[in-house]
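The values are calculated or read from the model by the stated rules, or taken from the named source; none is laboratory data. Quick caveat, the model's predicted, so the values are computed rather than measured. Here Cβ is always computed from backbone atoms with ideal geometry, including for glycine, and neighbour counts include all displayed protein chains.
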Amino acid sequence: MKTSTSLQPPLLSVVVIGRNEGERLSRCLQSVLNMRDPKGRVEIIYVDSNSQDDSIIRAEGLGVKVIMVKPERPSAALGRNAGWREAKGEYVLFLDGDTVLHPDFVDDSMAEFNDPSVAVVWGHRREIHPEQSLFNRVLDLDWIYPPGPSEFCGGDAIMRRSVLEEVGGFNAGLIAGEEPELCQRIRGKGYTILHVDRAMTGHDLAMTRWSAYWRRAFRAGYAYADVSDRLKDGPFPLWVRESKRNLIHAVVLLVLTASGILGSILWPSWWPLMFMVIGLGFLSVRTAIKVSWKSKDDWLTLLLYGIHSHFQQIPIFAGQLAWFWDRRRHLKRQLIEYK
């Protein structure tokens, strides 16, 4: 891969954001250095959000340009904005510091931009170690989306720098959900968000604790409420129906669970609990069947994913309630981290 020089502007700027990533960051940056030549020069920028470990030293040791941001309220949006505004490339590849770039993704994907309507290209992100925990195994399926034009992308994607300038970049007021919100403004300008059917990145979720699982879903709920409120009156409202559906879904689950427990206490019997388990099991199996296209040969993972799809509605609901509470009291919540 050819790195950029002052004599020739880069074709691609790779912006990696991170906070206390340590060895994961070294692995991420090395994967960028090892990617196949995209037929043009590349610059690499690491944006560090006030890490307390040796992340900056690791990045500098690999010859990567480092930008440090120390805002009172750190967020991925602030880091990405700092990176692309410093970038000189015609295209910007955004990566999270806990990912590993597939060596062929960029070179294989640049041709998609021959269509001037395409502003964002993103591919498949999958977990590097799904075998390390049930959380990794199940949440690996969360990354799978059908290829084609999409409503939004995730944190890993290639974007036209000119489009980022046109829409003003990421919304720095968001502590989560910044990519989907940005994509709606991009779509509002008539551009396409394209999901391609090729490997893009490996992700190191490294989730081994129940508390991390809860915080991740809680953060998703906070983002649902925040982004849906901001976009509800725009040309491309996002997550408005999902936010309302989550409210109903969470209430039903809580009522069903409470009914089973209280029923067994009031009528000393296991039958109320059995009906509760059967009801939850039916919902989980139905969901597993609906998403079977994500993993056709692993029905155990699909069943676990079905359970996750319903149970996560409770911490998502808690995240939405937290957003409404913060808005009512005019509070600004800090970054919600789960690692």
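Looking at the stretch 48-101, what strands (runs of 3 or more DSSP E) fall wholly within it and have at least 3 residues that are buried (at least 17 other Cβ atoms within 10 Å of the Cβ), on the phi < 0 side of the Ramachandran plot and of a type outside the set (D, E, K, R)?
91-96, 99-101
Just one of the numbered conditions (1) of a type in the set (D, E, K, R); (2) surrounded by fewer than 18 Cβ atoms within 10 Å (Cβ to Cβ); (3) within 29 Å of residue 89 (Cα to Cα) is not true of residue 131: (3).
Okay, residues lined up against (1) under 28 Å from residue 305 (Cα atoms); (2) polar (S, T, N, Q); (3) touching a strand residue (DSSP E or B) at 6+ places or on another chain (Cβ under 8 Å):
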{"site": "149", "(1), (2), (3)": "yes, no, yes"}
{"site": "170", "(1), (2), (3)": "no, no, no"}
{"site": "203", "(1), (2), (3)": "yes, no, yes"}
{"site": "228", "(1), (2), (3)": "yes, yes, no"}
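When each of 41, 58, 73, 27 is tested for being in the same structural domain as residue 110 (by TED's automatic domain parsing) and in contact with a Pro (Cβ under 9 Å, 6 or more places away or on another chain), the lone residue that passes is 41. Checking each residue in the stretch 197-237 for being within 27 Å of residue 110 (Cα to Cα), buried (at least 17 other Cβ atoms within 10 Å of the Cβ) and either polar (S, T, N, Q) or touching a Phe, Trp or Tyr at 6+ places or on another chain (Cβ under 9 Å) (or both) picks out 200, 201, 203. If you go through the stretch 280-324 and keep only what is surrounded by 17 or more Cβ atoms within 10 Å (Cβ to Cβ), hydrophobic (A, V, I, L, M, F, W, C) and in contact with a Gly (Cβ under 8 Å, 6 or more places away or on another chain), you end up with 283, 288, 316, 317, 322, 323.
Considering the stretch 204-256, the residues that are among the small types (Gly, Ala, Ser) and in contact with a helix residue (DSSP H, G or I) (Cβ under 7 Å, 6 or more places away or on another chain) include one that is farthest from residue 126 (Cα to Cα), namely 234.
For residue 40, state whether it is surrounded by fewer than 22 Cβ atoms within 10 Å (Cβ to Cβ), among the small types (Gly, Ala, Ser) and closer than 24 Å to residue 164 by Cα. Break it down into steps so the answer makes sense when it comes.
Numbers: surrounded by fewer than 22 Cβ atoms within 10 Å (Cβ to Cβ): yes; among the small types (Gly, Ala, Ser): yes; closer than 24 Å to residue 164 by Cα: yes.
Here the answer is yes, as residue 40 does meet what is asked.
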